[in-house]
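The structure appears right after this line, and notes come after that.
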Amino acid sequence: MSAAEELYEVSLVVNGVPRSATVPARRLLSDFLRHDLELTGTHVGCEHGVCGACTVLVDGRPIRSCLQFAVTVDGAEVTTVEGCTRPDGELGHVQQAFRECHGLQCGFCTPGFVTTITAYLEENPAPTADQAREAIAGNLCRCTGYQNIVASVLRAAELRAERA
Amino acid sequence: MTTRAFGEPIQRLEDPRLLTGQGRFLDDIGHGALAAAFVRSPHAHARIVSIDVTDAVDVDGLVAIYTHEDLDGRAGEPLPLLIPHAALTHGRTAYALAKDEVNHVGEPIAMVVATDRYVAEDVCARIRVEYDFLPPVVGIEAARDGELLVHEDVPGNVAAHMVQSRGDAVAAIEAAPHVLELDLAIERSASTPLEGKGVHARWDADDASLRVYTSTQASTSVRAALAARLELPPDRVEVIAPDVGGGFGVKIVHPWPEEVLVPWAAIRLGREVKWAEDRREHFVGAAHERGQLQHVRVGFDDDGRLLGLDVTVWHDNGAYTPYGIIVPIITTTQLLGPYKPGAYRAEFFSLYTNTVTVTPYRGAGRPQGCFAMERTMDAVAAYLGLDRTVVRERNFIRPDEMPYDHGLIFQDGRPLIYDSGDYPATLEKLKKLVGWDEFEAFRDEARAAGRRVGIGLACYVEGTGVGPYEGGWVKVETDGSVVAATGLTTQGQGHKTVFAQVVAAELGVPVDRVTVTTGDTRRFGYAVGTFASRAAVMSGNALATAARKVRDKALRIAGEALEADPRDLEIVDGVVRVVGSPSGAPGGSIPLATVAVLANPLRYAFDREAERATQFGGPVDYSKPPVAEGESPGLEDTGYYSPPRSTFANGMHAAIVETDPDTAEITILRYCVVHDCGTLINPRLVEGQIHGGVAQGVGGALYERMVYDDAGQLLNASFMDFLMPYSTEVPFIETDHLETPSPLNPLGVKGAGEAGVIPGSAVLASAISDAEGFAITRMPISPSDLFSLRLARESR
Ligand code: FES
Ligand code: FES
């Protein structure tokens, strides 16, 4: 197997900026974002689609970037945690809520929660506490016990409404 | 922001960075580095016959393949046994790369370095290892049985055997009016931080220095270990813990094989090398904990007062003992909790098995000890027909008996003496919080509706803040900002915030002016590490000491400048002023920034502050040297804290559960926590620690287990099959707290990192037993376990 792998050009709009890189077909989207584009905010906690740390928004929908090859999302619009800030670079509503509610400890799982919740609030802008808990039930966090993440979802909904 | 930050639930200083994707975790750095991957044993017990790389060598992008044979010098020796102990008569450690034999699935055999991780894994897949199989020893029963051996020179698989006692427990039990015996079991679980381990190494040949980033809980110790293993002068080795994505104990072990190998390869290749552990590697190649069998004999009187307690523990230490026997020592000492056991005898056997090594996981043996003691308390209560809280209350150490000497030796090698705590008050609070006395009414109501509910409680005492020491360094910059450093590391506890609160309070500056660095040997070289809920106690007090020295110096210098007695000065919002005078009063105050300038007389001016500090800048007293005798330039100092012995935090949990009469599904309806970890530096962060601990306790009680088959294969080595709780599995946690300051340290803090996890299995076993009407003796318990237990009882 000394033949070099075939390479493909992948072009995406990431956080509003057109980006491209040339990668093998098997390059995971998570690795593409982290290592080819050096956007390391997206984290990898399992690489088998269970922890949700790698969640990014592709055309607004949350997906697990460790389960997707970069070539399959060529041409898409991707939002990562780096893109969840306000246009002026200040914390976005979900990020601000996490800060206020102590929704993170080590912060490794946090990017996946921030992206997941951002998308969720677009669908359901005023969740109840039970709905908030359900909304994050696909993401693992080993540090916080989720109490303050649930609170963060509710607070983010408030901030989002205030800022709208 | 004001200076009154100590004790306040302020927001964390580290969050904006982490929330915007600007964190720097291990795999976020070193983009240009070569990637390492490992060939790991697929077998639990085998001799390595040969390693064939023929098919692997022509893979495009391969840089190097290493096996044990390649490891020169001390890199090829067995890894260190970090905490030797007289009772650990048969300690064994692994080689960085297996030599001749493998003893668990996941043990590294070959290291591959390539241009990227994908290629490195391609190469690994093409390396063929031939094995001679040996029979694996799996499970504590098989190990205890001793017929098959893990290490052929360790008879009976016994790594360590230890007995501690106070009084004659055997005789006390014989003489007691009532005696009960319990057989108990706890299965394995693991720390499972969301970020695995990882190492990045860079060798600077021109400078003959090595810089290593590693996802560790003990960077200074990694540095010492690497210097020794790689035969480098320690001052040529820098070790930095970057942002670390959770530790919970597993990252206290060092050096991991990969921590030696990655730097070793970087030096050899003269290239940057990086390895980031993947999830399967973490399950099979890092460490587990918890697995124990226990036998308890207890003698007690008619009131339920313990007269004698005799506990035997069989502890599964896995394939090797790199971290010694800390875990079973803690189990057998911390088991005592808030109680006086009468005469006490504890014996443990630490046993080898052909499974992943066992090293501390949050709680470090305490959850098992708590389980043994609390199951015993419930058994005594059930036997005598007494309320479970009453039996506990009767056995409590009373506040007026503090400090209380158990007459045993604790994990730090020092006497087990509790410093403070008010256990009856804690229990009172818990009973009120959960509504203990009103529960029977609720049970009746539920029963009428065809529902089955139960209530349980569990108490613990946690030795925290163990020595030997930590240090801190504090400096006021000439712009008035403050930088501080401590050597121990951070994995999400918010140390940069709490330590800033400590320093800000001592120095009288706004907390957001303080920047704290942890776990970087370039900034602070002396440290022990982050474990045993010790960071706030140790580094908190060390930084307080350093900050106080800086404050004294600042007041001295300011006193000269203001022609005032330093004792009449105070620092408020970064300004030194005469006590009580409004700052800004002419001649009555001086900013700390200016004091920092004055503290450092310079020859050269390179900016505005430096210009003011030159010897030629202003009026000078020529009769004195520019730096006074006994002084050093700059407004900075270092302080250390070394405690005489550990502090002891405590807490009590209560849970109300519902068990489905048909499906045996277990639902937690309420979960209540009362804890006392001394003075709180930041209540919000302490509460966060409790929440996280409770979630791990619930996981360990109801969901998490390591499923090994008879061949020693870990069947659930993924997040798909290892059931770590999601938000839907963790109940809403209700908390209340007491603050009994520790008399042992100036801040009065005790440490809170592990508290939440300790009583998890004990409290849920208590509640499930109460719902079901029979005693639960093995944890974790799944619905199907409970279902089988019911069937077994019905068919009896
Ligand atoms: S890393 Fe993608 S789901 Fe865990
Ligand atoms: S904050 Fe550490 S894993 Fe969630």
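The values are calculated or read from the model by the stated rules, or taken from the named source; none is laboratory data. These numbers come from a predicted model, not from an experiment. Reconstructed Cβ throughout: ideal geometry from the backbone, glycine too, with neighbour counts over all protein chains shown. What goes into the accessible areas is simple: the full protein's heavy atoms, side chains included, and nothing from ligands, DNA or RNA. Shrake-Rupley method; radii C 1.70, N 1.55, O 1.52, S 1.80 Å.
The residues on offer are B:GLU794, B:GLU729, B:GLU754, B:GLU734, and the sole one that is surrounded by fewer than 24 Cβ atoms within 10 Å (Cβ to Cβ), touching a residue at least 60 places away in the same chain (Cβ under 8 Å) and of a type in the set (Asp, Glu) is B:GLU734.
Quick grid of which residues meet (1) more than 24 Å from B:GLY23 (Cα to Cα); (2) buried (at least 22 other Cβ atoms within 10 Å of the Cβ):
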position	(1), (2)
B:TYR213	no, yes
B:GLN217	no, yes
B:ARG229	yes, yes
B:LEU232	yes, no
B:ASP243	no, yes
B:PHE248	no, yes
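Picking from residues in region B:145-195 that are among the β-branched types (Val, Ile, Thr), in contact with a strand residue (DSSP E or B) (Cβ under 9 Å, 6 or more places away or on another chain) and open to solvent by less than 60 Å² (accessible area, probe 1.4 Å), the one that is nearest to B:ASP721 (Cα to Cα) is B:ILE186. Only one entry in A:LEU67, A:LEU91, A:LEU121, A:LEU104 is of a type in the set (A, V, I, L, M), facing another protein chain (nearest Cβ under 9 Å) and more than 16 Å from ligand 2 (Cβ to nearest atom), namely A:LEU91. Tallying residues that are more than 8 Å from chain A (Cβ to nearest Cβ) and either more than 23 Å from the chain's Cα centre (by Cα) or modelled with pLDDT of 95 or more (or both) within region B:10-28 yields 3.
In a residue-by-residue description of region B:405-421, the property of being more than 30 Å from B:ILE83 (Cβ to Cβ), out of contact with any Leu (no Cβ under 9 Å at 6 or more places or on another chain) and exposed (fewer than 14 other Cβ atoms within 10 Å of the Cβ) applies to no position.
Could you check region B:463-489 and list, in sequence order, the residues that are in contact with a helix residue (DSSP H, G or I) (Cβ under 8 Å, 6 or more places away or on another chain), open to solvent by 10 Å² or more (accessible area, probe 1.4 Å) and under 23 Å from B:ALA599 (Cα atoms)?
The first filter runs over region B:463-489 and keeps only residues in contact with a helix residue (DSSP H, G or I) (Cβ under 8 Å, 6 or more places away or on another chain), leaving B:463-465, B:467, B:469-482, B:484, B:486-489.
Restricting the remaining residues to those that are open to solvent by 10 Å² or more (accessible area, probe 1.4 Å) gives B:467, B:469, B:473, B:475, B:477-481.
Those that are in contact with a helix residue (DSSP H, G or I) (Cβ under 8 Å, 6 or more places away or on another chain), open to solvent by 10 Å² or more (accessible area, probe 1.4 Å) and under 23 Å from B:ALA599 (Cα atoms): B:TRP473, B:LYS475, B:GLU477, B:THR478, B:ASP479, B:GLY480, B:SER481.
Touching a strand residue (DSSP E or B) at 6+ places or on another chain (Cβ under 7 Å), open to solvent by less than 30 Å² (accessible area, probe 1.4 Å), within 12 Å of ligand 2 (Cβ to nearest atom) and under 16 Å from B:HIS691 (Cβ atoms): does that describe A:GLY112? Considered against the rule, which asks whether it is touching a strand residue (DSSP E or B) at 6+ places or on another chain (Cβ under 7 Å), open to solvent by less than 30 Å² (accessible area, probe 1.4 Å), within 12 Å of ligand 2 (Cβ to nearest atom) and under 16 Å from B:HIS691 (Cβ atoms), A:GLY112 comes out as no.
From the list A:GLY138, A:GLY107, A:GLY112, the lone residue that is within 16 Å of ligand 1 (Cβ to nearest atom), assigned to a loop (DSSP other than H, G, I, E, B) and in contact (Cβ under 8 Å) with a residue 60 or more places away in the chain is A:GLY138.
All told, B:GLY753 falls short of being assigned to a helix (DSSP H, G or I), within 14 Å of another protein chain (Cβ to nearest Cβ) and not polar (S, T, N, Q). Number of residues in region B:714-725 that are facing chain A (nearest Cβ under 9 Å) and surrounded by 17 or more Cβ atoms within 10 Å (Cβ to Cβ): the value is 3.
Within region A:1-46, the residues that satisfy the criterion of being more than 8 Å from every other protein chain (Cβ to nearest Cβ), within 30 Å of B:GLY246 (Cα to Cα) and open to solvent by 40 Å² or more (accessible area, probe 1.4 Å) are A:ASN15, A:ASP36.
Across region B:634-658, the qualifying residues are those that are buried (at least 24 other Cβ atoms within 10 Å of the Cβ) and among the polar types (S, T, N, Q), and the one among them that is farthest from the other protein chains (Cβ to nearest Cβ) is B:SER646. Across region A:47-63, which residue is nearest to the other protein chains (Cβ to nearest Cβ) among those that are within 6 Å of ligand 1 (Cβ to nearest atom) and touching a residue at least 24 places away in the same chain (Cβ under 8 Å)? Among residues in region A:47-63 that are within 6 Å of ligand 1 (Cβ to nearest atom) and touching a residue at least 24 places away in the same chain (Cβ under 8 Å), the one nearest to the other protein chains (Cβ to nearest Cβ) is A:VAL50.
The lone criterion from (1) within 17 Å of the chain's Cα centre (by Cα); (2) in a loop (DSSP other than H, G, I, E, B) left unmet by B:VAL537 is number (2). Evaluating B:HIS43 against the criteria (1) at pLDDT 95 or above; (2) in contact with a helix residue (DSSP H, G or I) (Cβ under 6 Å, 6 or more places away or on another chain) leaves one unmet condition, (2). Considering region A:75-88, and only residues there that are more than 14 Å from ligand 2 (Cβ to nearest atom) and part of a helix (DSSP H, G or I), the residue that is surrounded by the most Cβ atoms within 10 Å (Cβ to Cβ) turns out to be A:CYS84.
So that you can scan it fast, the table gives a plain yes or no per residue for (1) touching a Phe, Trp or Tyr at 6+ places or on another chain (Cβ under 6 Å); (2) part of a helix (DSSP H, G or I); (3) under 22 Å from B:ASP278 (Cβ atoms):
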{"position": "A:ARG19", "(1), (2), (3)": "no, no, no"}
{"position": "A:PHE32", "(1), (2), (3)": "no, yes, yes"}
{"position": "A:GLU38", "(1), (2), (3)": "no, no, yes"}
{"position": "A:GLY41", "(1), (2), (3)": "no, no, yes"}
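Exactly one residue among B:THR478, B:THR497, B:THR486, B:THR490 is at pLDDT below 90 and among the hydroxyl-bearing types (Ser, Thr, Tyr), and that residue is B:THR490.
Restrict the check to region B:32-46 and report whether at least one residue is in a loop (DSSP other than H, G, I, E, B), more than 24 Å from B:ALA286 (Cα to Cα) and open to solvent by 20 Å² or more (accessible area, probe 1.4 Å). The answer is yes; a qualifying residue exists.
If the condition is being aliphatic (A, V, I, L, M), more than 26 Å from B:GLN11 (Cα to Cα) and either within 16 Å of ligand 1 (Cβ to nearest atom) or open to solvent by 10 Å² or more (accessible area, probe 1.4 Å) (or both), then region B:679-713 contributes B:LEU702, B:MET706, B:VAL707, B:ALA711. Considering region B:609-701, the qualifying strands (runs of 3 or more DSSP E), each wholly inside and each with 3 or more residues that are more than 24 Å from B:HIS495 (Cβ to Cβ), run over B:647-659, B:666-676.
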